[in-house]
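Asks: First, the structure itself, so that you have it in front of you.
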Amino acid sequence: MTFHPRYTGLIDKYRDRLPVHDDTRVISLGEGNTPLIRLNNIPRLLKKDVDIYVKFEGLNPTGSFKDRGMTMAVTKAVEEGSRAIICASTGNTSASAAAYAARAGITAFVLIPDGKIAMGKLAQAMIHGAVVIQIKGNFDAGMELVKEVGKEAPVTIVNSINPYRLQGQKTAAFEILEELGTAPDFHCIPVGNAGNISAHWMGYCEFHDHGIVNNRPTMVGYQASGAAPFLRGKMVDNPETIATAIRIGHPQSWDKAWAVQRESKGWFDECSDEEILAAQRMLSGKEGIFCEPASATSVAGAMRDITNGKIPEGSKIVCTLTGHGLKDPDTAIKQSTSSVITVEANLKSVKEAILRHV
Ligand code: AN7
């Protein structure tokens, strides 16, 4: 029996690659170290010889990849003496900001689009004690307001325009490289503000530049069709998609993400809401992995590009699943094909119900 030291989060693990000092007080909830799960059934169903792994970021402390960036952003905000943080959010950033602010003993202000965030995320922001400001507008409007108010009020912005966020998020790429011992051929990822795709590329390049690995992946970013500025080549003013997490028309990391596309020789593509939901159902029904709709965009796009040969057979592919399915139970229940059977509470009725389904 070997004992391993207790895992205490990504800042402790990657201290020498992150902008922290020896005496920095780290605000952590044990984020990172998420599983890289090899898909068994989907490649078989696609009838293609590909190795697909999903990096299940939904298993972070607040159920999304945002925790990787938030531990860094809140650690630095506290180090710099800030007493309050603020963000605009489609839901996951606000959940994460609320939790890390609670942990640090500071205040979180979160601006969310009225009625357009998944129930689980709203519950998180509320239970962690954030000040929730619902705006009668979308994420992009909220983001502009946060940038304005950040200039006038004593609050630290913890959206991904805060550079510490991307520093924390790059560690997802480090973990993938450590586990595979090499970069995948393709990394497929959902794109909203494009912070995460940019952070992953930073992480891949850092290990490559230091000679830890000798290759880098082709980065492929997938957007929801109704919120696809990278496909339209310009900002989108009224983004719409069932995947509310990526209902974003004015991405904050626009230039960075185009640089990622060029440098990695990758591409952007879009998925319809139907494709996104089908991928979510495939992952949950065929692999036992429950991610939120926005997350399934990476697998929806990858499945299409594997089928059409843009991602060739023999490839090693990593898809990021950015958030947990429990964040959005409403969408899951609404689109679920399995039925709930109500019967009398006796042996005969239960037995009958079972026999009808075997
Ligand atoms: C599940 O929470 O922007 O391209 O305010 O929650 O780095 O923006 C969420 C984004 C993908 C897109 N998947 O990542 C927010 C927010 C999930 C997300 C994205 C988000 P970026």
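The values are calculated or read from the model by the stated rules, or taken from the named source; none is laboratory data. Just so we're clear, the structure is a prediction, and the values are computed from it rather than from any experiment. With ideal geometry, Cβ positions are generated from the backbone for all residues, glycine too; neighbour counts draw on all protein chains shown. Accessible surface areas use protein heavy atoms only, side chains included; no ligands, DNA or RNA. Shrake-Rupley method; radii C 1.70, N 1.55, O 1.52, S 1.80 Å.
Asks: Between the alpha-carbon centers of region 189-204 and region 78-118, tell me the distance in whole angstrom.
Replies: If we compute the Cα centre of each part, the gap is 21 Å.
Asks: Can I ask one more? Of the heavy-atom accessible surface of region 238-358 (probe 1.4 angstrom), what whole percent is carbon and sulfur? Let's see the in-between values first.
Replies: Values: 3440 of 6090 Å².
Reported share for carbon and sulfur atoms: 56 percent.
Asks: Which links in 76/170; 286/327; 151/327 stretch past 25 Å when you go from one Cα to the other? Write out the running numbers ahead of the final one.
Replies: Values: 76/170 16 Å; 286/327 20 Å; 151/327 32 Å.
Flagged as over cut-off: 151/327.
Asks: Not counting ligands, DNA or RNA, and with a 1.4 Å probe, what is residue 7's accessible surface area in Å² rounded to the nearest 10?
Replies: Using a 1.4 Å probe on the heavy atoms, I get roughly 70 Å².
Asks: Tell me, what is the Rg over Rh of region 1-83, with Rh the Kirkwood radius over Cα pairs? Don't skip to the answer; put the middle values down first.
Replies: Details: Rg = 17.2 Å, Rh = 15.1 Å.
Dividing the radius of gyration by the Kirkwood radius yields 1.14.
Asks: Moving to a separate point now. Let me know the shape class of region 1-159, please: from the alpha-carbon gyration tensor, a ≥ b ≥ c as square roots of the eigenvalues, rounded when a/c is under 1.5, otherwise prolate if a/b is greater than b/c, or oblate. Let's see the in-between values first.
Replies: Values: a/c = 2.32, a/b = 1.28, b/c = 1.81.
Judged from the Cα gyration tensor, region 1-159 comes out oblate (a/c at least 1.5, b/c at or above a/b).
Asks: Right, next: Please give the per residue accessible area of region 199-243, computed with a probe of 1.4 Å over protein heavy atoms only, in Å². Provide the component values of the computation, followed by the final result.
Replies: Values: 1840 Å² over 45 residues.
Value for region 199-243: 41 Å² per residue.
Asks: Would you mind calculating the relative contact order of region 168-219 from Cα pairs under 8 angstrom and at least 6 residues apart, reporting the percent as a whole number?
Replies: Values: 59 pairs, mean separation 25.8, N = 52.
Relative contact order, region 168-219: 50 percent.
Asks: Can you list the lysines whose alpha carbon is less than 17 Å from that of residue 265, not counting same-chain residues fewer than 8 positions off?
Replies: 256, 310, 316
Asks: Looking at the square roots a ≥ b ≥ c of the eigenvalues of the Cα gyration tensor of the chain, which shape do they give, rounded for a/c under 1.5, prolate if a/b is larger than b/c, or oblate?
Replies: rounded
Asks: Ignoring trypsin sites (Lys or Arg not before Pro) that are buried or in helix or strand per DSSP, and keeping those with at most 16 other beta carbon atoms within 10 Å, what is the longest stretch of the chain between them?
Replies: Working: sites that count: 6, 25, 47, 83, 116, 136, 234, 265, 310, 356.
With trypsin sites (Lys or Arg not before Pro) excluded where exposed in loops, the chain gives 137-233 as its longest stretch.
Asks: Moving to a separate point now. If the only charges are +1 at each Lys and Arg Cβ and -1 at each Asp and Glu Cβ, what is the size of the charge dipole of the chain around the Cα centre, to the nearest 20 debye?
Replies: Working: 39 positive and 39 negative charges, 90 e Å.
So the dipole magnitude of the chain works out to roughly 440 debye.
Asks: Sum -39500 (n - 2.57) across every DSSP H segment of at least 4 residues in the chain, then divide by the residue count to get the 222 nm mean residue ellipticity, nearest 500.
Replies: Numbers: 15 runs with 153 residues, N = 358.
Roughly -12500 deg cm²/dmol at 222 nm, from the helical runs in the chain.
Asks: Ok, one more. What does the C-alpha gyration tensor say about the overall shape of region 223-358? Classify as rounded when a/c is under 1.5, otherwise prolate if a/b is larger than b/c, or oblate. Mind showing how you got there, number by number?
Replies: Values: a/c = 3.42, a/b = 2.02, b/c = 1.69.
Since a/c reaches 1.5 and a/b is larger than b/c, the shape of region 223-358 is classed as prolate.
Asks: Which GluC sites (Glu not before Pro) from region 306-355 combine a DSSP loop assignment with at most 15 other Cβ atoms within 10 Å?
Replies: Details: sites: 313, 344, 352; in loops: 313, 344.
Those that pass, being in a loop and sparsely packed, are 313, 344.
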